[in-house]
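Engineer: Take this structure, written in structure tokens, and hold onto it; I'll ask about it next.
Any read-out appearing in this document is the output of simple, stated calculations on the displayed coordinates, not a laboratory observation. Note that the structure is a prediction, hence the values are computed from the model and not measured. In this analysis, Cβ positions are derived from the backbone assuming ideal geometry, glycine residues included, and neighbour counts consider all displayed protein chains.
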Amino acid sequence: MSGKPFGEPDRHDERDKPGKPYVSGHYAPMAVESTVWGLTVHGSLPPELTGRYLRNGHNPPPGVVPSHWFKGSGMVHGLRLRDGRAEWYRNRWVRTPALHSAMETAAGGEGAGAGGEGMDPGDAGADGAADLVASVAGTHVIEHAGRVLALQEANLPYELTAELATVGAYDFEGKLTRAMTAHPKEDPAGRIVVEGPRYDRAAWQTSWKWWTGAPGHATVPLVGSLHHRWVLDPSTGTAREEPLDDLVTEFPTINDSVLGRPSRYGYAVAFPGSGLEEYALVKYDAATGTRQIAPTGPGRMPGEAVFVPADGGGGAGGGGSEDDGYLLTLVSDLRRDASELIVLDARDITAAPVATVELPHRVPAGIHGSWIPDPATGPW
């Protein structure tokens, strides 16, 4: 294993500043960048999993405690899978002005005391206009037109290489002159149906306390975010809201091949609350109104579940059932101070994992990620 320390020898930077839960426990940041080859695989990785699984999240450098969870510098974790093997794991900070500013602040001994991350996303430049490159780039990572892009709301994307090195801010050859969303979607046309967590005022205010480390914050980052559906019809100018479940959930995903079209299945991370004592993954069936719950065990927290269609499956143009495929999720295990990439059969998420990949260290809980298959012409 190779590692690049940023000021501290330990792989995990246990700041655990009182009142700042997003730099401790499942969210304790990494203090080094590393590359590890030849990971241990339990079970059998399906042949469809030939590509890269990438996941982004907020990981402030050592000595820095941001004033808000979302101000932590972005770090992308990646696994290269091919021919049933897990060839490598690596983690890299997205090198942005916000990261460099945070490191300079920490070097001056001001990080924790100031409660900030140096340059804020969306900071204004000398002329008062928003500085679109002042990004922590820590919300999402996607592939678009052959480029890997790390995203943050209110800023330009940051391009990465296939090995996660930072290329720099990307403005689509000058065509993008304003901020780009960190949650891009394709909408074929017509009525818009959205399913995901809904926060009422009390739920938002309670969750915000955790996100900022305010006094009286809960022990988990989400409280009261319940699964809902919204139906928006531009032709009639109407909107309808429907409660779907009482579990506390976030990070909803679907099979992207049915994005913007009628879909049956959805997946989410369930947080403790509403009768659940542990973190779990949940699968929703919109046709039957039923759900599957797959707890990950004491001290374990799954991340966003990314759907990968099976060969000849996945619905839409691929044929077969919409849920004929796999869910990929990174699991943080505090009891073992370890992490795994778990591959589940999306048709039955309560079954034993199809495969588990052992990671060289515990990966902090993060935000969004993507599966990026190798192009038909071969590896990148």
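Engineer: Order of 130-137, 77-84 by packing, highest average Cβ count within 10 Å first?
Structural biologist: 130-137, 77-84
Engineer: So which trypsin sites (Lys or Arg not before Pro) in segment 235-336 are both in a DSSP loop and have at most 15 other Cβ atoms within 10 Å of their Cβ?
Structural biologist: Loop-located and lightly packed - R335, R336.
Engineer: Could you please state, rounded to a whole Å, how far the C-alpha centre of segment 241-280 is from the C-alpha centre of segment 324-365?
Structural biologist: When both Cα centres are located, 18 Å separates them.
Engineer: Given an 8 Å cut-off on Cα distances and at least 6 residues of separation, report the relative contact order of the chain as a percent.
Structural biologist: 15
Engineer: Using a 10 Å cut-off around each Cβ, can you sort K209, K175, K185, K20 from fewest to most neighbouring Cβ atoms?
Structural biologist: K175, K185, K209, K20
Engineer: Can you pull out the GluC sites (Glu not before Pro) in segment 21-117 whose DSSP state is coil and whose Cβ has at most 16 other Cβ atoms within 10 Å?
Structural biologist: Here the sparse-neighbourhood loop sites are E110.
Engineer: Related question: Ranked by Cβ crowding within 10 angstrom, fewest neighbours first, how are E195, E163, E242 ordered?
Structural biologist: Ranking E195, E163, E242 by Cβ neighbours within 10 Å, fewest first, gives E242, E163, E195.
Engineer: Can you compute the charge dipole magnitude of the chain about its Cα centre, using +1 on each Lys and Arg Cβ and -1 on each Asp and Glu Cβ, nothing else charged? Give it in debye, rounded to the nearest 20.
Structural biologist: Approximately 220 debye in magnitude.
Engineer: Can you pull the three principal axis extents for the Cα set of the chain, in Å, largest first?
Structural biologist: Over the chain, Cα extents along the principal axes are 57, 50, 47 Å.
Engineer: Can you sort T238, T96 from fewest to most other Cβ atoms within 10 Å of each residue's own Cβ?
Structural biologist: T238, T96
Engineer: For the chain, with the dipole built from +1 on Lys and Arg beta-carbon atoms and -1 on Asp and Glu ones, taken about the Cα centre, which of H144, S370, L79 lies farthest toward the positive end?
Structural biologist: Towards the positive end, the residue furthest out is L79.
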